[in-house]
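These notes concern the structure reproduced below.
Just so it is clear, none of the values below were taken in a lab; they were calculated from the coordinates. A quick note: this is a predicted structure, and the numbers were derived from the prediction, not measured. For neighbour counting, all protein chains shown are included, and Cβ atoms are generated from backbone atoms with ideal geometry for every residue, glycine included.
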């Protein structure tokens, strides 16, 4: 059986398996994600991060993101920060790096002060999108709680519901059912329930292709941008999720959002691939030889 090396990493509890294809073989990544991300039956993670040589001249590395169900995501803010930490651990001189993603290049910085290591990523410009009926914001009720929904692009799409009650007391599945009935034109967005309270944001998130996760970096930026725009919350803004907290700084329309927080490499492992995945490796090798 082929054996590969992987690194488990996490940022605010949003956990990933990182596979460095620059140093190893190409693989059928959608299958690999479904195999490795399965909790209790494998390593377990929200997604698979695959590193390869960049296509963009300004980038230092290329990152692809595969959700636990094998689907490919356009952007992952916490994943980008884990990649930056991985590169810094390999070479502490690399405190600043540009990570190429499907939705553009992201600048990252490792901020180390002794044992306190944080990673900042300058993500894209939050883009507020219209709903199919032309409205920019849409009122709704969740469990009797008034809320207002906004569609925000951070390179990937988010539907942020600003609520006046703790997100932990609301039904995320009911929110998903309601949003699904709206029949949005493009692919299903990630969904955030967020409450602005005491100068911070409490958030729950459902990620497309994963389910409810303990954190979401791009979702934190989307929620913070909504809070700053609709509730006039200050920047920077602390966004708290089940797995921890991040800081989001945003100076307003047309400007990128900065996401800062912890990112950790938790362990490294060598994984034996099953025979059916080996067949996929051999098929890729045959295609590359043509």
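Relative contact order for the chain using alpha-carbon pairs under 8 Å, separation at least 6, rounded to a whole percent?
It rounds to 22 percent for the chain.
Assuming a ≥ b ≥ c are the square roots of the Cα gyration tensor eigenvalues, decide whether the range 127-256 counts as rounded (a/c under 1.5), prolate (otherwise, with a/b larger than b/c) or oblate.
It comes out rounded by the Cα gyration axes.
Would you please put 161-170, 76-85 in order of how densely packed they are, using the mean number of other Cβ atoms within 10 angstrom per residue and starting with the highest? Working shown, then result.
Working: 161-170: 18.0, 76-85: 29.9.
Peptide ranking by packing, descending: 76-85, 161-170.
Give me the percent of DSSP beta bridges within the chain that run antiparallel, rounded to the nearest 5.
Values: 72 of 87 bridges.
The antiparallel fraction comes to roughly 85 percent.
Just from its helices, what would the mean residue ellipticity at 222 nm be for the chain, if runs of 4 or more DSSP H residues each count -39500 (n - 2.57) and the sum is divided by every residue, rounded to the nearest 500 deg cm²/dmol?
For the chain, the value works out to -6500 deg cm²/dmol.
What FRET efficiency do you get for residue 171 and residue 136 if R0 is 41 Å and r is their Cβ-Cβ distance, rounded to the nearest 0.05? Mind showing how you got there, number by number?
Details: r = 25 Å, r/R0 = 0.62.
Approximately 0.95, to the nearest 0.05.
Just need the relative contact order of the range 127-256 here, percent rounded to a whole number, with Cα pairs under 8 Å and 6+ apart.
Values: 243 pairs, mean separation 23.6, N = 130.
Taking the mean separation of contacting Cα pairs over the length of the range 127-256, I get 18 percent.
Using a/c under 1.5 as the rounded threshold, could you call the range 53-204 rounded, prolate or oblate? The axes a ≥ b ≥ c are square roots of the C-alpha gyration tensor eigenvalues, and prolate needs a/b larger than b/c, oblate otherwise. Write down the numbers at each step before the final one.
Details: a/c = 2.55, a/b = 1.72, b/c = 1.48.
It is prolate, given that a/c is not under 1.5 and a/b is the larger ratio.
So what's the angle, to the nearest 10 degrees on a 0 to 90 scale, between helix 77-90 and the longest Cα principal axis of the chain?
Roughly 40 degrees between the two axes.
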